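For reference, the structure discussed in these notes is given below.
A short reminder: the numbers here are calculations on the coordinates, not readings from a lab. In this text the structure is predicted, and so the values were computed from the model without any measurement. No Cβ is skipped: glycine too gets one built from the backbone with ideal geometry, and neighbour counts run over all protein chains shown.
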Amino acid sequence: MPVEWDLRAASPHFTYETVGTKHEVWFDDALSAAVKLSIVDAYGLRGVSLWVLGNEFPQLWYLLKDGYKLEKK
């Protein structure tokens, strides 16, 4: 199943079918996260907040560490 890139959403996604049911999966990767994090700088926002349920990709933490001061609250 090929992964496609949606330019407007700045997100990768793919579709597949099982037992006659079509599924559409959207997710973030390093590129989509970098695009979304660039909005923080573009609009002069004070930061970001993440809610991650254990399925984050390792590159996310490098993107955050290199660009922002991290605080755990």
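A few notes on this one:
- Rough spin-label spacing in nm, given labels placed 7 Å along Cα→Cβ, for residue 57 and residue 13: 1.6 nm
- Near residue 57: Cβ cut-off under 12 Å, other residues only, Lys/Arg at +1 and Asp/Glu at -1. The net charge is -3.
- Stretched out straight at 0.36 nm per residue, the stretch from residue 45 to residue 29 would grow longer than its current Cα-Cα span by 3.6 nm.
- Remark on residue 11: its backbone amide H falls under 5 Å from those of 6, a criterion applied only to residues 5 or more positions apart or on other chains, H modelled at 1.01 Å from N.
- Using C-alpha pairs below 8 Å separated by at least 6 residues, the relative contact order for the chain is 20 percent.
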